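Student: This is the structure I have questions about; it appears just below.
The values are calculated or read from the model by the stated rules, or taken from the named source; none is laboratory data. Quick caveat: nothing in here was measured; it's all calculated off a predicted structure. Positions of Cβ are backbone-derived with ideal geometry, glycine not excepted, and every protein chain shown enters the neighbour counts. We work out accessible area using only protein heavy atoms, side chains counted, and drop any ligands, DNA or RNA first. Shrake-Rupley method; radii C 1.70, N 1.55, O 1.52, S 1.80 Å.
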Amino acid sequence: MRKLIAFDEDTFDKLKQLGRDRMATFQELADEAFADLLKKHGIPIDLKDALRKSARLDAESSKPAARAKARKVKSR
């Protein structure tokens, strides 16, 4: 799917330079940036990530609940 994204001139120049420095295309930079954004918000990127997250949630739910420690209240 294609979408149009607008950048200011300075940002676009820096992205082009970063692409040259890393020998990567603009598309590769965009793919990496969006993958990092999804990861930051806990959204699986692909099926492998979704299965890994699902297995982790199942393992956590099968553990017995830990006891909450009561906080001591200081009396004045």
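Student: Within region 10-17, does at least one residue satisfy the condition of being in a loop (DSSP other than H, G, I, E, B), modelled with pLDDT of 80 or more and surrounded by 11 or more Cβ atoms within 10 Å (Cβ to Cβ)?
Tutor: no
Student: Still on this structure, please answer the following. What's the number of the condition residue 48 fails, among (1) open to solvent by less than 70 Å² (accessible area, probe 1.4 Å); (2) part of a helix (DSSP H, G or I); (3) farther than 19 Å from residue 6 by Cα?
Tutor: Every condition holds for residue 48 apart from (1).
Student: Tell me which of these residue 58 doesn't satisfy, since it passes every other one: (1) at pLDDT below 80; (2) open to solvent by 100 Å² or more (accessible area, probe 1.4 Å); (3) not basic (Lys, Arg).
Tutor: Of (1) at pLDDT below 80; (2) open to solvent by 100 Å² or more (accessible area, probe 1.4 Å); (3) not basic (Lys, Arg), only one is false for residue 58: (2).
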